[in-house]
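Written below as C-alpha cells is the structure these notes are about.
The values are calculated or read from the model by the stated rules, or taken from the named source; none is laboratory data. These numbers come from a predicted model, not from an experiment. Counting neighbours? That spans all protein chains shown, and the Cβs are built from the backbone with ideal geometry, glycine included. Surface areas here come from the heavy atoms of the whole protein model, side chains and all, with no ligands, DNA or RNA. Shrake-Rupley method; radii C 1.70, N 1.55, O 1.52, S 1.80 Å.
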Number of protein chains: 2
Amino acid sequence: MSPEEFRRMGHLVVDWLADYQLHPERFPVLSRVKPGEITDALPASGPRQGEAMEGILRDFEQTIVPGLTHWNHPGFMAYFANTASGPGVLGEMLAAGLNANGILWKTSPALTELEQVTLSWLRQWMGLPETFFGIIHDTASIGVMHAIAAARVYACPTGRMTGEWPRLTIYCSEQAHSSVEKGAIALGIGQRNVRKIAVDDKFQMIAPALAASIEKDLASGHKPFCVVATVGTTSTTSIDPVPEIADISERHNMWLHVDCAYAGSAAVSPKYRHFLTGAERAQSLIVNPHKWLFTPVDLSVLYTSRPDILRQTFSLIPEYLRSRQDPRALNYMEYGVPLGRRFRALKLWFIMRYYGRDAIAHMIEEHIRWAQELAVAIAADPDFEICAPARMSVVCFRKKAADKENEAIVERVNATGEIYLSHTMLHDRYVIRIAIGNMGTTRDHVFRAWELVRHGA
Amino acid sequence: MSPEEFRRMGHLVVDWLADYQLHPERFPVLSRVKPGEITDALPASGPRQGEAMEGILRDFEQTIVPGLTHWNHPGFMAYFANTASGPGVLGEMLAAGLNANGILWKTSPALTELEQVTLSWLRQWMGLPETFFGIIHDTASIGVMHAIAAARVYACPTGRMTGEWPRLTIYCSEQAHSSVEKGAIALGIGQRNVRKIAVDDKFQMIAPALAASIEKDLASGHKPFCVVATVGTTSTTSIDPVPEIADISERHNMWLHVDCAYAGSAAVSPKYRHFLTGAERAQSLIVNPHKWLFTPVDLSVLYTSRPDILRQTFSLIPEYLRSRQDPRALNYMEYGVPLGRRFRALKLWFIMRYYGRDAIAHMIEEHIRWAQELAVAIAADPDFEICAPARMSVVCFRKKAADKENEAIVERVNATGEIYLSHTMLHDRYVIRIAIGNMGTTRDHVFRAWELVRHGA
C-alpha cells in the first residue's frame, strides 16, 4: 500500500472512528449474532489475489461490526470499566505505524525509557513508593503469573536451576480473581496448593483465617510462599485487609502481591488513596490502565519492589555480561518471559498528559459518586436489595425474587441493546452487577440502567 | 477528547504516518541517543492539568522520535524481518478505537470468530493440517511457554492438580531460541533440565545426538517430555531435521513443538513449502506474522493439533458447565493464561485480503532471492567468507579478519544511519548478519548494505 493510499484510507478510518464516537448508541452494546454466524459469512479460504481496501473496509462494517460487543458504548456496564479515549487511540495509531519493538534498550531507546517514565508518573499518582519498578504486560493474568514466578524464586532461589521445589502453597481469598489460580496452575505449582481463604460478610479476606491456613500448612510440611491480597475484587470490589495481610506475610517472609487491576486507578484521586493502604509493603502489585484509566486494551502494569528478584527469575544474561551494560540502558527482556515489546507506553503518556491528573481523578470520583447514588436508590426500593457494599464504581444487587427472575431481567436489559450488564454469584445467589467506568457514561446512563432493571426491561 | 477533536488529531496523525512512510530515510535507522537522554528530557512527574494534544504531538516528534530505532526503515536488516504494512496499521487503528475484548465469545463474537477464520486461512496457506487449532499471543516467547506447559500436562496429567512432576527434561538444539530455555525456567522445570543438543556444520540439530540424550536421561530416571525443533533458527536460519526428530519424539510419546516464528511465513510460497516438511506431525507450532508476514507487532500464532490438551492445561471451567456451551462459541480464555484478548486478528485479516496469497508469496520469494544473490557476491569476494548456508532471507558472513575488525565494521555501518545490521557468534567467532524482510527494502538497499560493509563503511 503506497503512502498516499494509506493516507486516503487512514483518513477514512479516522472519520469512521470519529463518527462511531459521535453516535455510540447507533449499535446495540451487546452483539446479537449467533455462534458461527460471522464464520459462516466469511470465505473458508483467503484470497489468491489482493483486494481493494475500500471493499475490505465495507466488509468490516457490514460483517464484523454487527458481531462486536461495543466496549466503548456508554451503556457498557458489564465486567469492569474501560475506555478507548481519543489520546489513547492516537497513541496506538502511532505505535502501530512506527512498529517499534523494545526487545533491548537499543532496539528503541525511547520505547524503554518512556515506559519507565510513564510508569514512574503513574506510581507517583497512585502514591506508591519510589522503590517500585514498573513493567507493562498485555494482561493482568500474564502479570500475576510473573509475580508468582518471582515469589517462587524468592522462596527457593535454587529451584530456577534445579526444577526442584519444596511443597509450595499460595494464598488468596475465595473472592480473588481466577488468574491467581490459573497462574499457579500454569507454573506447575498445583491447583490443590492454591488456598482460597474465607471472606467476611463484606467479601474481604479474613486475616486470622489466612494466618491459620499458613500455620496448618507449615505444620504439615508445606512451604507457604505467596499471598495475593485484592483491592477491588471482581465480583464486589471488596478490599482485603492489606495491612493485616502484610503483617502475616512479613512474619513468614512470604511474597505479598496486591491485585488492584481495577481499583488501583482510583488511588489517583487523593480521596481514594486510602484504598491502597498497606500496598506499599507489597513485593508486587498490578494495576490495569486499560480498565479505569481510559486506556485502550492492552496495557497492564506490574510493579515490584524487588526488580532484583524479577530479574533473577527471568534473566538469561550471565552476570559477567551484565556488568558491561550501561545501568541506564534497561533491557526489559531480563524481567519477564516476552522478548518482543510493543510501544504500549506511548498511549499512556498521551492520556496522562492530555487529561492531567486532576481531570482523571475527577472522572473517577464521579463514577464512584454515581455508583453510591445508585446504591441509595436501589436500597430505597422495597423490591430490591443491595448485596455488597458499594465502595467503588460497581453496585451488586438483586430483586427480592428467584434467581431465574433476576437472570431474566439481565437478559431482557441486555437485549435492549442500550445497556450491557453482567452478573455474579454471591452466597450461591444470582446477583446483578452494574459497573461504571466508561468515559462516555453519564449519570443519566447509570439511572437509565436502573430504570430498565426496575421495570424488568 | 471530543469526536471532532479526535477527527482533527487523527487526520494529523495519519498525515504524519503517511509522510513517515514516504520518506523513511529521513531518520537514522538506529537511534543515536545515549542511555538516559530521553528520560532526562522528560518531566519527572505527570501534569496536574491537561495539555493540548498539539503540544503533546510536537513533543512526540521532537523528543520521542529521535529516540526510536526505526524498524520500518528499509535499511533495517537486523534481527528478523518486520513491516508495519498499511493495511496492518489500519487494522490496528480500528482495533484500538473499537476497544473490543475477547475474554469470552460473547464479549465480542466477531473478535473470536475472525481469529479462528484468519488462523484457518493462514494454516491453509502454510500447508498445515486441518487438525491444527490456532490462537494468538503477543509474542512467540509467551506462546512457546504455553506449548511447554501443555506438553508437561500431556506427559503427566495429574501434575496440574498436584504440582508433583517427574524429573522432566526438554530438548532443543544449541541454536534454538532462548525463549525455549526461558519458558522452561518460568514454568519451574529447571534450567539444568533443558538439554541443548549439538548441531552439525550447517547448524542443524544432530538427530542421533537427540536420541542419545533422551536415552541417557531415561536411563538415569528422567522423564523426557518435549522436543523443540526449529525451522529457521535465529542466528543462521538453519533447519532442524524435523522428520527424524518427529520419529524420535513419537517413539517416546513426547510432545513435538516446531518453532518457525520467522520461517513459517515462507511456507506461504509453494516454492518454500518444503521448509515445513515434518511439521505436520508436531503437537504445536509457532509462526509470527509480525515477523515476515508484514504485520505490525504484536501477533504471534500458536497452532496445536491437541487443543484438548491445551484446554486441559489451562481451563478453569468445570466439565459440567462446559457441556452447556455452544460448541461454536469458543472461549479462548480456556486455552491459555491471558483473559483479556485484543482484536489482533483484524490486522491480519486486512493484510491477507489486501495483498492476497500470491503477492505475499512473491515478496517472500524476492527476499530469499536477494539473500542468495548477496551470498554469491560475498562468497566471490576473497576478503570475506560465508559462515552458514543462506537458505532463507538471512546471510551470515565475516571479513577474514579479527573479530574486532568485524565488530568495528558493523558499528560503522550502523553509525551511518542508512543500514542497521546485527551480528551473531558462530564457533566462537563474530559473524555479521544481514536479514532481509521489510516490505520497503529493495535489492538496492541490500547491495548498499554490502557495499558499506565491503568498504568498511
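Here's a check for you: in segment A:79-106, which residue that is aromatic (F, W, Y) and touching a helix residue (DSSP H, G or I) at 6+ places or on another chain (Cβ under 7 Å) is nearest to the other protein chains (Cβ to nearest Cβ)? Filtering first and then ranking leaves A:W105.
Among the candidates B:F343, B:F397, B:F350, the residue that is in contact with a strand residue (DSSP E or B) (Cβ under 7 Å, 6 or more places away or on another chain) and not acidic (D, E) is uniquely B:F397.
Filtered by the rule that a residue be surrounded by fewer than 19 Cβ atoms within 10 Å (Cβ to Cβ) and either under 20 Å from B:D240 (Cα atoms) or small (G, A, S) (or both), segment B:182-204 gives B:K196, B:A198, B:D200, B:D201, B:K202. Within segment B:107-116, being more than 8 Å from chain A (Cβ to nearest Cβ) and not acidic (D, E) holds for one residue alone: B:T112.
Which residue out of B:G143, B:G163 is within 11 Å of chain A (Cβ to nearest Cβ) and either of a type in the set (A, V, I, L, M) or over 16 Å from the mean Cα position of the chain (by Cα) (or both)? Of B:G143, B:G163, the one residue that is within 11 Å of chain A (Cβ to nearest Cβ) and either of a type in the set (A, V, I, L, M) or over 16 Å from the mean Cα position of the chain (by Cα) (or both) is B:G163.
Within the span defined as segment A:401-411, every residue fails to be touching a helix residue (DSSP H, G or I) at 6+ places or on another chain (Cβ under 9 Å) and open to solvent by 40 Å² or more (accessible area, probe 1.4 Å).
Of all the residues that make up segment B:351-362, how many are in contact with a Ser or Thr (Cβ under 9 Å, 6 or more places away or on another chain) and either within 19 Å of B:V297 (Cβ to Cβ) or among the aliphatic types (A, V, I, L, M) (or both)? Residues meeting the conditions: 6. Restricting attention to segment B:273-296 and to residues that are open to solvent by 10 Å² or more (accessible area, probe 1.4 Å) and in a loop (DSSP other than H, G, I, E, B), the residue that is farthest from A:I185 (Cα to Cα) turns out to be B:T277. Residues of segment A:132-165 being open to solvent by 10 Å² or more (accessible area, probe 1.4 Å) and among the aliphatic types (A, V, I, L, M), which ones? Within segment A:132-165, A:A140, A:A155, A:M161 qualify. Looking only at segment B:102-127, filter to residues that are in a loop (DSSP other than H, G, I, E, B) and buried (at least 24 other Cβ atoms within 10 Å of the Cβ); which one of those is farthest from the chain's Cα centre (by Cα)? In this case the residue turns out to be B:S108. Scan segment B:191-216 for residues that are touching a residue at least 12 places away in the same chain (Cβ under 8 Å) and within 13 Å of another protein chain (Cβ to nearest Cβ) and the total you get is 4. Taking segment B:248-271 as the range and being assigned to a helix (DSSP H, G or I), touching a residue at least 40 places away in the same chain (Cβ under 8 Å) and more than 13 Å from B:R123 (Cα to Cα) as the test, the residues that pass are B:I248, B:A263, B:P270, B:K271. Taking the residues in segment A:283-314 that are among the hydroxyl-bearing types (S, T, Y) and facing chain B (nearest Cβ under 9 Å) as candidates, determine which candidate is nearest to A:M254 (Cα to Cα). In this case the residue turns out to be A:T313. For segment B:263-272, state whether one or more residues are open to solvent by 10 Å² or more (accessible area, probe 1.4 Å), under 18 Å from B:F80 (Cα atoms) and among the hydrophobic types (A, V, I, L, M, F, W, C). Scanning segment B:263-272, I find no residue that is open to solvent by 10 Å² or more (accessible area, probe 1.4 Å), under 18 Å from B:F80 (Cα atoms) and among the hydrophobic types (A, V, I, L, M, F, W, C), so the answer is no.
Tell me, please, whether a residue that is farther than 30 Å from A:G127 by Cβ, open to solvent by less than 40 Å² (accessible area, probe 1.4 Å) and among the aliphatic types (A, V, I, L, M) can be found in segment A:436-444. Taking every residue of segment A:436-444 in turn, none turns out to be farther than 30 Å from A:G127 by Cβ, open to solvent by less than 40 Å² (accessible area, probe 1.4 Å) and among the aliphatic types (A, V, I, L, M). Among the residues making up segment B:361-375, those that are open to solvent by less than 10 Å² (accessible area, probe 1.4 Å) and farther than 18 Å from B:G127 by Cβ are B:H367, B:A371, B:L374. Got at least one residue in segment A:350-360 being within 14 Å of another protein chain (Cβ to nearest Cβ), surrounded by fewer than 17 Cβ atoms within 10 Å (Cβ to Cβ) and among the hydrophobic types (A, V, I, L, M, F, W, C)? Yes; the residues of segment A:350-360 include at least one that is within 14 Å of another protein chain (Cβ to nearest Cβ), surrounded by fewer than 17 Cβ atoms within 10 Å (Cβ to Cβ) and among the hydrophobic types (A, V, I, L, M, F, W, C). Scan segment B:166-179 and give yes if some residue there is at negative phi, small (G, A, S), facing another protein chain (nearest Cβ under 10 Å) and surrounded by 22 or more Cβ atoms within 10 Å (Cβ to Cβ), otherwise no. Within segment B:166-179, one or more residues are at negative phi, small (G, A, S), facing another protein chain (nearest Cβ under 10 Å) and surrounded by 22 or more Cβ atoms within 10 Å (Cβ to Cβ).
A count restricted to segment B:255-301 and to residues that are in contact with a Cys (Cβ under 9 Å, 6 or more places away or on another chain) and of a type in the set (V, I, T) stands at 2. What is the one condition in (1) farther than 30 Å from B:Y262 by Cβ; (2) more than 7 Å from chain A (Cβ to nearest Cβ) that B:H73 does not satisfy? Looking at each condition in turn, B:H73 falls short on (1).
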